[in-house]
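Values in this text are rule-based calculations from the coordinates and carry no lab data. All figures in this text were calculated on a predicted structure; none of them were measured in a lab. As a convention, Cβ positions derive from the backbone with ideal geometry for all residues, glycine included, and neighbour counts pool all protein chains shown.
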Amino acid sequence: MKKKNSFVTNSSSSSFIIALSKISDDELHIIRVYLDGDANLKDGDVYSYEIDYVLGIIRGFTSMDDRYFFNFLKSISLDHLVMWTE
């Protein structure tokens, strides 16, 4: 059950995968800072993720509105590297 605290344009949840082989260590750091930071509080959006070095991926989940994370990735030119699922 989803609980909304404010209006969002896309109230679905999504999972995402990013291949570690496609990003630099600096880009990984930037993504981790974003996912660990205040972005988790924006409009009730919640991110969870794990880095699986065996599979070579970042596997994560957004709830409520994934456009914030997508826009962040777009701002650092990595949006084309993400595979989204619902």
Positive minus negative residues near HIS80 (Lys, Arg vs Asp, Glu; Cβ under 14 Å):
0
If the chain between ALA19 and ASP36 were fully extended at 0.36 nm per residue, the gain over the current Cα-Cα distance would be 4.2 nm
Distance in nm between pseudo-label sites at ASN71 and GLU50 (7 Å out along the Cβ direction from Cα):
3.0
